[in-house]
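Everything below concerns the one structure shown next.
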Amino acid sequence: MAHLTGQERARYVQGMFARIAGRYDLMNRLMTGGQDVRWRRIVIQEAQLPTGGKLLDIATGTGEIAQEGLRQHPDILAVGGDFVLEMMGVGQQNPERRAIRWVAADTLTLPFPDGVFDAVTSGFLMRNVVDVPGAFREQARVTRPGGRIVVLESSPPKKNVLRPLIRFHLHHIIPTLGKMVAGEADAYRYLPDSTQQFQEPDSLMAIMRQAGLENVRYNLYMFGTIAIHVGQKAILKSSKSH
């Protein structure tokens, strides 16, 4: 399914996440050994939200990153946007996520004015997007000058001694867990396949720069299979003469 393109891919992704919504958080814990909790904490730390700031977590799913934003910064406005309503519906049932403002939103056509958010975050979004440069341009549009875009994403396994073990985990352990826990082996075959076919971290960093972001960098986690990229929207220089 990872070979799908355009609207066909978007429809498949939407339907797939709708089917696994109820067990999505649990599967994340099992697939990562609980490390996903730490990664989300780092994402919010990298966002550097100001007091009373505004956070957009796009492809928010059940709202875990937005919830972490509120945990670290209780005074912020946390908006969770997704085009899979079933995922947000699961998140809305969690009492700890009641403060999140839930919005139906697609990262390619965000329903917000320019420059309204101090940070835009996403978790495991970009490998599913049909237009990655367009997604970054749209996220940058709604971010204020100087604000940050933080991306948590899986990365293709590196060519090293651990690669066979990582590939076995991706293509055998994860689909087996998906079938046992979520009843969806196909969905959890798609997710590893989409990881294998996604951008290398350096390539994603280059796309972020091409979208106009500055000070772009990334850190790797979990034997190089997870990357957190950070970019900053340029601060417009004043045209006034002194």
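The values are calculated or read from the model by the stated rules, or taken from the named source; none is laboratory data. All values derive from a computational prediction rather than experimental measurement. Note that we place each Cβ from the backbone using ideal geometry, even for glycine, and neighbour counts take in every protein chain shown.
The requirement of being surrounded by fewer than 14 Cβ atoms within 10 Å (Cβ to Cβ) and at pLDDT below 70 is fulfilled somewhere in segment 196-209, by at least one residue. If you go through segment 7-63 and keep only what is exposed (fewer than 15 other Cβ atoms within 10 Å of the Cβ), closer than 28 Å to G146 by Cβ and small (G, A, S), you end up with just G52. When the residues of segment 34-93 are narrowed to those that are without any contact (Cβ under 8 Å) to a residue 12 or more places away in the chain and assigned to a loop (DSSP other than H, G, I, E, B), which ends up nearest to F117 (Cα to Cα)? Residue satisfying both the conditions and the ranking: P74. With respect to (1) more than 30 Å from N215 (Cα to Cα); (2) touching a residue at least 24 places away in the same chain (Cβ under 8 Å); (3) not in a loop (DSSP other than H, G, I, E, B), the lone exception for R29 is condition (2). The set of residues from segment 25-68 being of a type in the set (G, A, S) and touching a helix residue (DSSP H, G or I) at 6+ places or on another chain (Cβ under 8 Å) comprises A47, A59, G61, G63, A66. Within 14 Å of the chain's Cα centre (by Cα), in contact (Cβ under 8 Å) with a residue 60 or more places away in the chain and in a helix (DSSP H, G or I) - does that describe any residue in segment 106-126? Taking every residue of segment 106-126 in turn, at least one turns out to be within 14 Å of the chain's Cα centre (by Cα), in contact (Cβ under 8 Å) with a residue 60 or more places away in the chain and in a helix (DSSP H, G or I). If only residues of segment 103-143 that are of a type in the set (D, E, K, R) and farther than 18 Å from Q210 by Cα are counted, the one that is modelled with the lowest pLDDT is D106.
Just the residues that are basic (K, R) and either surrounded by 13 or more Cβ atoms within 10 Å (Cβ to Cβ) or at pLDDT 95 or above (or both), please, taken from segment 210-242. Across segment 210-242, the qualifying residues are R217, K233.
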